[in-house]
Amino acid sequence: MDLVRLGLERADSAEKALEVIAELLERHGQGGNCMEDESIFTYHNSFLIADRKEAWILETSGKYWAAEKIEDGFHISNQYSITTKIDREHPDMRDYAKSKGWWDCKREFNFAVIYSYLNTARIDASGSRSCEGRKLLEKNNGNITVETMMDILRDKESGINMEGGFLTTGSMASVLPKDPRLPCVHYFTGTPDPARSVFKPFIFVPNIQQLKKTCSPAYGPEDPVKKKPRFQSKPDRKHELYKKHEVAAAIIESTKERGENMLKKMRTLEKEKIAEMEEIAHSSLRDSTLVVNLFAEAIEEELKAYS
């Protein structure tokens, strides 16, 4: 996530963000636990990077990386997706693979095959999230809207919306118009399990205040991540909306009539917000003050739907 944040902070285009992340990988590498404890589970990252004009897939292994410019629909999910179409790459990526005995220079260089423990065909055959995600996108090919993407992110049968120990902790869908006069609209849940969450709109404009109800508590120097030895305790990092959502999700799960009514209110709210954003999306945003509190106001309405 640090690489994502730094790419967003330092770049003004998708390709520039790719370059920022690649440079940081070269300088610092990557790693670290995936959880806030002494877990040894780690992984290296794939990035879907898009702006109004173009999109890139960046996939990494240590400091080595490959990137593919997207010409059509694409998805990433828990495995390497770049195969033989490599548009940009780390200058030593192929030599490193050769030095490790992964590539003999005779066969075509396939990043996913050469840098994976398992080949992609085997993963797809097992009905993985990647395979199912591709099917859902192909099913809606030519008619993909922001609501389509929300439905896909909510799909539990495919494994895209994950439950249990690796719960889907937050979801996002964005609309990036090619016309620079029109605003980009981003929809965030800010809560786990998009099937029981509201996608709320956000537009980047000046003078946005801190979103306190979706901001996790800060512990300063006493944070167990900063103290040494690290991870000796696990603080409560749930923000206010997260806590209220936990209660609402439990009601939806356990109380049929009340849960159905609550979920209906949440879906109605979401549809209203999407309709409002479609109006904005078809006209230039002349007065940005009208959307400064867009996300914060949607949170307040979501909390009312929980009651």
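The values are calculated or read from the model by the stated rules, or taken from the named source; none is laboratory data. Bear in mind that the values here come from a model prediction, so they are computed numbers and not experimental data. Note: ideal-geometry Cβ built from the backbone for every residue, glycine included; neighbour counts use all protein chains shown. Heavy atoms of the whole protein, side chains included, go into the accessibility calculation; ligands, DNA and RNA do not. Shrake-Rupley method; radii C 1.70, N 1.55, O 1.52, S 1.80 Å.
Give, as residue ranges, the helices (runs of 4 or more DSSP H) completely inside the range 79-197 that count at least 1 residues that are touching a Cys at 6+ places or on another chain (Cβ under 8 Å).
93-99, 120-125
Please work out which residue is surrounded by the most Cβ atoms within 10 Å (Cβ to Cβ), limiting yourself to the range 94-112 and to residues that are under 26 Å from the mean Cα position of the chain (by Cα) and farther than 27 Å from T168 by Cα.
F111
Could you check, for the range 278-287, whether at least one of its residues is in a helix (DSSP H, G or I), in contact with a Lys or Arg (Cβ under 6 Å, 6 or more places away or on another chain) and of a type in the set (G, A, S)?
no
Looking only at the range 295-307, which residues are loosely packed, with under 12 Cβ neighbours inside 10 Å and among the hydroxyl-bearing types (S, T, Y)?
Passing the criteria: only S307.
Mind checking which pairs have a first residue in the range 287-306 that is within 21 Å of L182 (Cα to Cα) and a second that is at pLDDT below 95, Cβ under 7 Å, 6 or more apart or different chains?
Cβ pairs passing all conditions: S288/V205; S288/P206; V291/V205; V291/L285; V292/V205; V292/N207; V292/I208; F295/L211.
Among the residues of the range 284-307, which ones are closer than 16 Å to N261 by Cβ and under 23 Å from the mean Cα position of the chain (by Cα)?
The one that is closer than 16 Å to N261 by Cβ and under 23 Å from the mean Cα position of the chain (by Cα): E302.
Pull up the range 221-259, narrow it to residues that are within 16 Å of D193 (Cβ to Cβ) and open to solvent by 60 Å² or more (accessible area, probe 1.4 Å), then point me to the one that is nearest to the chain's Cα centre (by Cα).
Filtering the range 221-259 for residues that are within 16 Å of D193 (Cβ to Cβ) and open to solvent by 60 Å² or more (accessible area, probe 1.4 Å), the one nearest to the chain's Cα centre (by Cα) comes out as K238.
Looking at V198, V175, V185, can you tell me which residue is in contact with a Pro (Cβ under 6 Å, 6 or more places away or on another chain), more than 25 Å from C34 (Cβ to Cβ) and of a type in the set (V, I, T)?
V185
Do we find that L167 is of a type in the set (A, V, I, L, M, F, W, C), modelled with pLDDT of 90 or more and within 30 Å of T214 (Cβ to Cβ) in this structure?
Judged against the criteria, L167 is not a match.
For the condition within 21 Å of G170 (Cβ to Cβ) and in contact with a strand residue (DSSP E or B) (Cβ under 7 Å, 6 or more places away or on another chain), what is the one hit in K243, K238, K273, K234?
K273
Specify the residue that is surrounded by the fewest Cβ atoms within 10 Å (Cβ to Cβ); the eligible residues are those in the range 273-294 that are aliphatic (A, V, I, L, M) and over 13 Å from I208 (Cβ atoms).
Among residues in the range 273-294 that are aliphatic (A, V, I, L, M) and over 13 Å from I208 (Cβ atoms), the one surrounded by the fewest Cβ atoms within 10 Å (Cβ to Cβ) is A275.
Can you confirm whether the range 108-131 contains a residue that is within 20 Å of A281 (Cβ to Cβ) and aromatic (F, W, Y)?
No; the residues of the range 108-131 include none that is within 20 Å of A281 (Cβ to Cβ) and aromatic (F, W, Y).
Scan the range 13-33 and tell me whether some residue there is open to solvent by 70 Å² or more (accessible area, probe 1.4 Å), free of Cβ contacts under 8 Å to residues at least 24 places away in the same chain, under 30 Å from P229 (Cβ atoms) and out of contact with any His (no Cβ under 7 Å at 6 or more places or on another chain).
yes
Could you look through the range 211-220, keep only residues that are surrounded by 14 or more Cβ atoms within 10 Å (Cβ to Cβ) and not basic (K, R), and pick out the one that is nearest to S197 (Cα to Cα)?
T214
List, please: which pairs have Cβ atoms under 7 Å, are six or more places apart or on different chains, and start with a residue in the range 204-227 that is within 30 Å of K304 (Cβ to Cβ) and end with one that is loosely packed, with under 14 Cβ neighbours inside 10 Å?
Filtered contacts from the range 204-227: S216/R237; P217/D236; P217/R237.
For the range 237-249, state whether one or more residues are in a helix (DSSP H, G or I), within 30 Å of L176 (Cα to Cα) and among the acidic types (D, E).
The answer is yes; a qualifying residue exists.
Any residue at all in the range 60-68 that's under 22 Å from the mean Cα position of the chain (by Cα), charged (D, E, K, R), more than 25 Å from L167 (Cβ to Cβ) and assigned to a loop (DSSP other than H, G, I, E, B)?
yes
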